[in-house]
Amino acid sequence: MKPEEYSRRRAEVGGWAIEIETYRLGDVYHTTIYNADPGARFARADGSTKEEAEERALEKASKYLAQTRRF
């Protein structure tokens, strides 16, 4: 299987710059969220539609970033 409908975009959540990467494998959409500066992946989610997968991943990302302290 090859990834289809690949997209990558930048956004901001809770003051943090992130990159959202989404693609489809078969009937399932996969979304991965990276911290834009060091490039660390910290949230992933799957869904039956692109919007559903991105919404789930953004919920996780918001939760994790809210717990992160800034120095």
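Results, tabulated for the structure shown:
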quantity	calculated
Charged-residue dipole, Cβ positions (Lys, Arg, Asp, Glu), the chain about Cα centre, Debye nearest 20	360 debye
Relative contact order computed over the chain (Cα-Cα under 8 Å; 6+ residues apart), in percent	24 percent
Dipole of the chain [Lys/Arg +1, Asp/Glu -1 at C-beta], most positive-end residue of 3, 71, 26	71
Cross-link reach list, aspartates and glutamates versus residue 2, counting only Cα pairs under 14 Å and skipping chain neighbours closer than eight places	27
Matching label, volume of the Cα convex hull per residue in Å³ computed from the structure shown, candidates (1) 77; (2) 135; (3) 86	(1)
Protein accessible area in the chain, 1.4 Å probe - carbon and sulfur %	47 percent
Residues of the chain: accessible area per residue with a 1.4 Å probe, Å²	70 Å²
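The values are calculated or read from the model by the stated rules, or taken from the named source; none is laboratory data. What you are looking at is a predicted structure, and each value in this text was computed from that prediction instead of being measured. Because the Cβ atoms are built from the backbone with ideal geometry, glycine has one as well, and the counts that use them run over all protein chains shown. The protein model used for the area step is the full one, side chains on, heavy atoms only, and it has no ligands, DNA or RNA in it. Shrake-Rupley method; radii C 1.70, N 1.55, O 1.52, S 1.80 Å.
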